[in-house]
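I have placed the structure first, in the form of structure tokens, so that the comments after it can refer back to it.
The values are calculated or read from the model by the stated rules, or taken from the named source; none is laboratory data. Please read these numbers as outputs of a predicted model, since none were measured by experiment. No Cβ is skipped: glycine too gets one built from the backbone with ideal geometry, and neighbour counts run over all protein chains shown.
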């Protein structure tokens, strides 16, 4: 393999591995805010017990996330020096903003969140939990802003020529609110919240199947289910808005996502299929004119296809882009159906009678993770051959001093280290889950709290 392919594989591997953890932190942060808010409202010790348990898991996820994210900043310099020079003013501003406005807020209150029990009042601890959650949201903002600028550049001008060219900010807020940033930010936030919600659903369902910690598990399950129902439906709306943005700003990517080639014909919407990029054809189960309707409001309206672009300006792996995109969409629909079905059973009072459904929820933790990864792969591979859309090609963004052997060696080392980290993470996570929540209140405390509790959640 040449150095470009190896560098892309290395960065894809490191960022995909890192992205296991930040979504869990964001989603779990919201659940923690709800647990502590319910404890303040009702005085029920079960909610404090749940918060204490999940804070331990949150701390583990946060720590691994920080450790795995650091390496990517070095890769910008070692493997992508030309890119770093080109976008340094843009990316540097966004990362600086993340450090000042997000990471400082999140890490500043993290100590109180983890070690503040019995040292600060419940209200102060709740405030700290809220700040950590908001910090994680703001952190995602600046990362997505930087990436969205690469997809839809705005608020800049080019200084220099050739290899010395670089982008400089002319309007900071135009850069922040570039044409795709808000839509993509909401899409990423919701995906992260679903990751955290389904982690809580998975662990709670496992306890219910094993008949352990039943009272706290059933309450935790219902709270996480409420979050899952709301945000899985919202994701359908957010995903559609994001796709509309791709249609406006990156028509070649949209054509690749749907395997559409002929600009003179209507565009079908495929539910599943296979793209033969060599012959410019797509096979599969489709809704005739479905994409035309979503983009133009007319089932027969033509939509710009891949044949309208030069071959060197199209994504190279169209079938991979197509498959990743459809995996994301399919999982999104599964999450909606699964969440609404469980909510309906809860309304009927039959939710926890379905052992098979609890077993499904134990495994459901994998679904948002797969969808998040597939969505990012579709977005990044669909942007190719551009690292900054329409301005800087990926092949031109490489470091000129690094060799293929150097990248390959470091990739192998990262594989080994990250595998060890992942095994350690799973071991510690499994240990904490098997240990389970610790009862920090007496039986009388819990019973008294239950009497004051919200009757709908207590059902």
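Mind checking which residues of the stretch 136-180 are in a helix (DSSP H, G or I) and either more than 17 Å from the chain's Cα centre (by Cα) or farther than 30 Å from residue 109 by Cα (or both)?
Within the stretch 136-180, 149, 150, 151, 162, 163, 164, 172, 173, 174, 175, 176 qualify.
Quickly run through the stretch 396-431 and pick out the residues that are more than 30 Å from residue 63 (Cα to Cα) and out of contact with any strand residue (DSSP E or B) (no Cβ under 9 Å at 6 or more places or on another chain).
Hits for the stretch 396-431 are 398, 399, 400, 401, 402, 403, 404, 405.
Exactly one condition in (1) part of a helix (DSSP H, G or I); (2) crowded, with 21+ Cβ neighbours inside 10 Å is not met by residue 417; state its number.
For residue 417, the exception is condition (2).
Please state which of the following conditions residue 94 fails to meet, knowing it meets all the rest: (1) more than 26 Å from residue 428 (Cβ to Cβ); (2) modelled with pLDDT of 85 or more.
Just one mismatch for residue 94, condition (2).
For the stretch 103-121, name all the residues that are over 17 Å from residue 31 (Cβ atoms) and part of a helix (DSSP H, G or I).
Residues satisfying the conditions are 103, 104, 105, 107, 108, 111, 112, 115.
Considering only residues that are in contact with a helix residue (DSSP H, G or I) (Cβ under 6 Å, 6 or more places away or on another chain) and either without any contact (Cβ under 8 Å) to a residue 60 or more places away in the chain or surrounded by fewer than 22 Cβ atoms within 10 Å (Cβ to Cβ) (or both), which ones fall in the stretch 154-182?
If the condition is that a residue be in contact with a helix residue (DSSP H, G or I) (Cβ under 6 Å, 6 or more places away or on another chain) and either without any contact (Cβ under 8 Å) to a residue 60 or more places away in the chain or surrounded by fewer than 22 Cβ atoms within 10 Å (Cβ to Cβ) (or both), then 154, 155, 166, 168, 169, 176, 178, 179, 181 are the ones that fit.
Taking helices (runs of 4 or more DSSP H) that fall entirely within the stretch 243-352, which contain at least 3 residues that are closer than 22 Å to residue 384 by Cα and either touching a residue at least 40 places away in the same chain (Cβ under 8 Å) or more than 28 Å from the chain's Cα centre (by Cα) (or both)?
Those helices (runs of 4 or more DSSP H) span 251-258, 318-348.
Does the stretch 214-227 contain at least one residue that is in contact with a strand residue (DSSP E or B) (Cβ under 8 Å, 6 or more places away or on another chain) and surrounded by fewer than 16 Cβ atoms within 10 Å (Cβ to Cβ)?
The answer is no, given that none of the residues of the stretch 214-227 is in contact with a strand residue (DSSP E or B) (Cβ under 8 Å, 6 or more places away or on another chain) and surrounded by fewer than 16 Cβ atoms within 10 Å (Cβ to Cβ).
Could you list all residues from the stretch 396-414 that are surrounded by fewer than 16 Cβ atoms within 10 Å (Cβ to Cβ), part of a loop (DSSP other than H, G, I, E, B) and at pLDDT 85 or above?
403
Yes/no matrix, rows are residues, columns are (1) closer than 17 Å to residue 311 by Cβ; (2) surrounded by fewer than 20 Cβ atoms within 10 Å (Cβ to Cβ); (3) touching a strand residue (DSSP E or B) at 6+ places or on another chain (Cβ under 9 Å):
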site	(1), (2), (3)
241	no, yes, no
244	no, yes, no
248	no, yes, no
265	no, yes, yes
277	yes, no, no
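Using the structure shown, decide if residue 64 is closer than 30 Å to residue 216 by Cβ, under 18 Å from the mean Cα position of the chain (by Cα), buried (at least 17 other Cβ atoms within 10 Å of the Cβ) and at pLDDT 85 or above.
Considered against the rule, which asks whether it is closer than 30 Å to residue 216 by Cβ, under 18 Å from the mean Cα position of the chain (by Cα), buried (at least 17 other Cβ atoms within 10 Å of the Cβ) and at pLDDT 85 or above, residue 64 comes out as yes.
Just one of (1) at pLDDT 90 or above; (2) in contact with a helix residue (DSSP H, G or I) (Cβ under 7 Å, 6 or more places away or on another chain); (3) buried (at least 22 other Cβ atoms within 10 Å of the Cβ) trips up residue 113, so point out which.
Residue 113 satisfies all of (1) at pLDDT 90 or above; (2) in contact with a helix residue (DSSP H, G or I) (Cβ under 7 Å, 6 or more places away or on another chain); (3) buried (at least 22 other Cβ atoms within 10 Å of the Cβ) except (1).
Find all pairs meeting these conditions: Cβ atoms under 8 angstrom apart; at least six residues apart or on different chains; first residue within the stretch 130-141 and free of Cβ contacts under 8 Å to residues at least 24 places away in the same chain; second residue not in a helix (DSSP H, G or I).
That search, which allows pairs on different chains as well, returns nothing.
Here's the yes/no breakdown for (1) at pLDDT 90 or above; (2) surrounded by fewer than 19 Cβ atoms within 10 Å (Cβ to Cβ):
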{"site": "297", "(1), (2)": "no, yes"}
{"site": "303", "(1), (2)": "no, no"}
{"site": "321", "(1), (2)": "yes, no"}
{"site": "331", "(1), (2)": "yes, no"}
{"site": "361", "(1), (2)": "yes, no"}
{"site": "374", "(1), (2)": "yes, no"}
{"site": "382", "(1), (2)": "yes, no"}
